[in-house]
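K.L.:
Pasting a structure here, questions to come.
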Amino acid sequence: MKVLELPSSLDYRGIEELMARAVSAEPDKLLLDGRRTRFVDPAGMIGLLGVGRFLRNRGAERVRLQMDPAAEVAGYLARMGFYRASEGILEFDTPPERARGRSSDVLLEITSIAENQDVHALVEHLQERAGSILSKTLHYPPSAVVQFSVILSEVCQNILEHAGAPGWVAAQTYQWSRRLGRQVLVIAVGDLGRGFRGSLESEHAGRFGARWSDSTALEAAFIHGLTRFPDQGRGQGIQQIRKQVRRWGGVIAVRSGSARIADTSEWEEFPPLEEGLADFPGAWITILLPEADPEGGK
Amino acid sequence: MSDSGDFQLDAFAVDVRALLSTTVASLYSHLITRPTGRAVRMAIESQLEEIPGPAISMVDFSSVAVLDYSCADEVVAKLLLGLRDGGALRSDVFVCFRGLQSFHREPVEAVLERHSLYAVVEADSGGAELMGPVPAPEGALWGAVEEVGQVPGPRLEGWLRERGLEGADLEHLVASRSLFRHPFRGDIYALSELAELLAERPGDPSTPETPPEPNARDQTS
């Protein structure tokens, strides 16, 4: 059995390392070794599901996950619904029991998005759950729950309309003591579908000629709002998400194929465009929303 | 409409939330996702098509809690595009929106901007406003008609001239169905005025004796 070690911090940055290892791994019997992993966020969890599915799709006979059962992160994964979501993708020893009565601190457990009604169910859930977390933890105004629901609705529709494959979404808040001194909400959405390049190729590749690539496809969708549909009303979703994220002083990054594009901020400096990443399929979106600045700024 | 000059307009109220639960699925209570929006718009269009004569429809969002951009595009923009560009709807149908709350406005404004569309929206305070990327001269003209409610056809030219307003702007507002022009007399009506007239029951002595003769109907599915 070949071993792929998980990073100690399996978050929106650490997942890049794991994706790179997965791309270069020979499909075989594989062990994803997370015994030294001490932190995981929604991007890490969803990315880990994506890596498991990717390895299985490439023909890996078995993909086994091992976490340190004594570490908090194992229980946290259970509370976020990770083990349930990974059924049929990853094998693992008996997972920690889902800690009863503690799910109230989870904003959005890992949720599979495969059809229109999943988005409706998600928004229903957010309307019940998100209000108190957005207002008490992030100190956003009461109206933010609607805007937040709209963001999640649009970003999940991106999976349904463009990926051609099911995906996952999850969200949770964290205390970023060192980097920001405030709470940050991390939203992750990912799928193993055709990616931005694949989605736009038939309609737009011709005009880019030899320049057509993952990065030009991301720029076309993210910056210019292009889609594969001729309908002029399409492509607004991601533009409106960017606008709202900017208003809240947040960050949005979209990784697809071997490139990543981002709207950054002074507290989380993703490069605006990265190329030459490991060529991992699908689209992986991370949104970071900081707690409202108590002094009024963002 | 007839050769004798009779002209009857129907008012038709559409509760979007009610349509959502009866047309799409009772499970869905929010106007989100493109397929949901498409189903709701088609239900509205279908109801409007059933009205035999000219009609003004009040599309009511007051009980919709969440409206996303995709749904706003399908329900608001595509409905208005159908009117402006001669889509699924007949040329004698007019649409106003009501019950737009602050959190509805942004998606609606975004889709109007995207498609260069105007929408007449009933204001909470009464009266109406014209949403969309309206050029200032057209906005001024629309506002002037909204203020007086109607301008009789024979006086129209002088009325525009006195106010420094342009006939071309009027034509564009009529073409975008932001104003109503009486087909025989050429009177110009604000849609809010029409809606108000139609809200009066036929035969009510307080109803102004002004064509079009209203025939108010409510339907909320």
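Here, each number is a calculation from the coordinates, and none is a lab measurement. This is a predicted model, so every value here is computed, not measured. In this analysis, Cβ positions are derived from the backbone assuming ideal geometry, glycine residues included, and neighbour counts consider all displayed protein chains.
K.L.:
So what's the back-of-envelope 222 nm ellipticity for the protein assembly as shown, counting only DSSP H runs of four-plus at -39500 (n - 2.57) apiece and dividing by all residues, rounded to 500? Before the final figure, lay out the partial values.
P.N.:
On the way: 18 runs with 190 residues, N = 519.
Dividing the helical sum by the residues of the protein assembly as shown leaves -11000 deg cm²/dmol.
K.L.:
Enumerate the calculated ³J(HN,Hα) couplings along the stretch A:269-285 in order (Karplus 6.51 cos²θ - 1.76 cosθ + 1.60, θ = phi - 60°), each rounded to whole Hz, writing x wherever the residue is Gly or Pro.
P.N.:
8, 5, x, x, 8, 10, 10, x, 6, 4, 7, 9, x, x, 10, 10, 10
K.L.:
Let me ask something additional. Identify the residues of the stretch A:224-258 with backbone N under 16 Å of a label point that sits 7 angstrom from the Cα of A:Asp279 along the Cα-to-Cβ direction, or state none.
P.N.:
A:256-258
K.L.:
For the stretch A:104-298, what D do you get in µm² per second when you plug the Kirkwood radius from alpha-carbon pairs into Stokes-Einstein at 20 °C and 1.002 mPa s? Let's see the in-between values first.
P.N.:
Details: Rh = 17.2 Å.
Taking Rh from Cα pairs, D becomes 125 µm²/s.
K.L.:
Compute a Gaussian network model of chain A, connecting alpha carbons closer than 10 Å, and tell me which residue from A:Gly88, A:Gly249, A:Gly193 fluctuates the most.
P.N.:
Evaluated over chain A, the most mobile residue of the options is A:Gly88.
K.L.:
Where does the longest stretch of chain A lie that holds no GluC sites (Glu not before Pro) found in a DSSP loop with 11 or fewer other Cβ atoms within 10 Å?
P.N.:
Details: sites that count: A:Glu61, A:Glu87, A:Glu97, A:Glu266, A:Glu269, A:Glu295.
Answer - A:98-265.
K.L.:
Using a simple charge model, +1 on the beta-carbon of Lys and Arg, -1 on the beta-carbon of Asp and Glu, nothing else, what dipole does the stretch B:65-153 show about its Cα centre, in debye to the nearest 20? Show your work: numbers first, answer last.
P.N.:
Values: 6 positive and 14 negative charges, 46 e Å.
Value, rounded to 20: 220 debye.
K.L.:
Placing unit charges on C-beta atoms (Lys and Arg positive, Asp and Glu negative, everything else neutral), compute the dipole magnitude of the stretch A:1-94 about its Cα centre in debye, rounded to 20.
P.N.:
The dipole magnitude comes to about 140 debye.
K.L.:
Shifting gears a bit: Quick one: net charge around B:Asp187, please, counting Lys, Arg +1 and Asp, Glu -1 for every other residue with C-beta under 11 Å from its C-beta. Spell out each step's value before the answer.
P.N.:
Working: positive: B:Arg155, B:Arg181, B:Arg185; negative: B:Glu193.
Summing Lys and Arg as +1 and Asp and Glu as -1 gives +2.
K.L.:
At a 10 angstrom cut-off on C-beta neighbours, averaged per residue, how do the peptides B:150-158, B:30-38, B:174-182 rank from highest to lowest? It would help to have the intermediate numbers written out before the result.
P.N.:
Numbers: B:150-158: 14.0, B:30-38: 24.3, B:174-182: 20.4.
The peptides rank, most packed first, as B:30-38, B:174-182, B:150-158.
K.L.:
Divide the volume of the convex hull of the Cα atoms of the stretch B:51-153 by its number of residues and quote the answer in cubic angstrom per residue. Don't skip to the answer; put the middle values down first.
P.N.:
Working: hull volume 12.8 nm³, N = 103.
Taking only Cα atoms, the stretch B:51-153 has a hull volume of 124 Å³ per residue.
K.L.:
Of B:Leu130, A:Ala60, B:His115, which is farthest along the charge dipole of the protein assembly as shown in the positive direction, counting Lys and Arg as +1 and Asp and Glu as -1 at C-beta?
P.N.:
Projecting each Cα onto the dipole axis, the largest value belongs to A:Ala60.
K.L.:
Report the charge-dipole magnitude of the stretch A:104-298 in Debye, nearest 20, computed about the Cα centre from +1 at each Lys and Arg Cβ and -1 at each Asp and Glu Cβ.
P.N.:
Working: 18 positive and 24 negative charges, 72 e Å.
Result for the stretch A:104-298 is approximately 340 debye, rounded to the nearest 20.
K.L.:
For chain A, modelled as a GNM with alpha-carbon contacts under 10 angstrom, which of A:Pro230, A:Pro281, A:Pro27 fluctuates the most?
P.N.:
A:Pro230
K.L.:
Which FRET efficiency value, to the nearest 0.05, do you get for A:Gln117 and A:Ala20 by plugging their Cβ-Cβ distance into 1/(1 + (r/R0)^6) with R0 = 35 Å? Mind dumping the intermediate values first?
P.N.:
Details: r = 35 Å, r/R0 = 1.01.
Computed FRET efficiency for A:Gln117 and A:Ala20: 0.50.
K.L.:
Something else now. Normalized C-alpha radius of gyration of the stretch B:116-191, against 2.2 N^0.38 Å? Each step should come with its number before you reach the end.
P.N.:
Details: Rg = 11.6 Å, N = 76, 2.2 N^0.38 = 11.4 Å.
Normalised by 2.2 N^0.38 Å, the Cα Rg of the stretch B:116-191 equals 1.02.
K.L.:
Can you find, among A:Leu289, B:Phe94, B:Ile188, the residue farthest towards the positive end of the dipole of the protein assembly as shown? Put +1 on the C-beta of Lys and Arg, -1 on that of Asp and Glu.
P.N.:
About the Cα centre, the residue reaching furthest to the positive side is A:Leu289.
K.L.:
Sticking with this structure for a sec: Quantify how strongly other chains surround peptide B:65-77 by giving the mean number of their Cβ atoms within 10 Å of each of its Cβ atoms.
P.N.:
On the way: counts 6, 12, 4, 13, 11, 11, 3, 4, 6, 1, 0, 0, 3.
Across the residues of B:65-77, the mean count of other-chain Cβ atoms within 10 Å is 6.
K.L.:
Multiplying the sequence separation of A:Leu31 and A:Thr94 by 0.36 nm and subtracting their Cα-Cα distance, what value in nm do you get? Walk me through the numbers before you get to the answer.
P.N.:
Working: separation 63, 0.36 × 63 = 22.68 nm, distance 1.55 nm.
The span from A:Leu31 to A:Thr94 would gain 21.1 nm if fully extended.
K.L.:
Could you give the radius of gyration (one decimal) and Dmax (whole number) of the Cα atoms in the protein assembly as shown, in Å?
P.N.:
27.0, 90
K.L.:
Would you mind giving the mean number of other chain beta-carbons within 10 Å of the Cβ of each residue in B:30-38, as a whole number? All intermediate terms of the calculation are to be shown ahead of the outcome.
P.N.:
Working: counts 10, 1, 13, 13, 8, 7, 4, 0, 0.
That works out to 6 on average.
K.L.:
Can you give the average number of partner chain beta-carbon atoms within 10 Å of each beta-carbon in peptide B:103-112, as a whole number? Don't skip to the end; give the middle numbers.
P.N.:
Values: counts 7, 1, 0, 6, 4, 0, 0, 5, 4, 0.
Average neighbour count from other chains, rounded to a whole number: 3.
K.L.:
For the stretch A:1-94, what are Rg and Dmax over the alpha carbons, in angstrom?
P.N.:
11.8, 32
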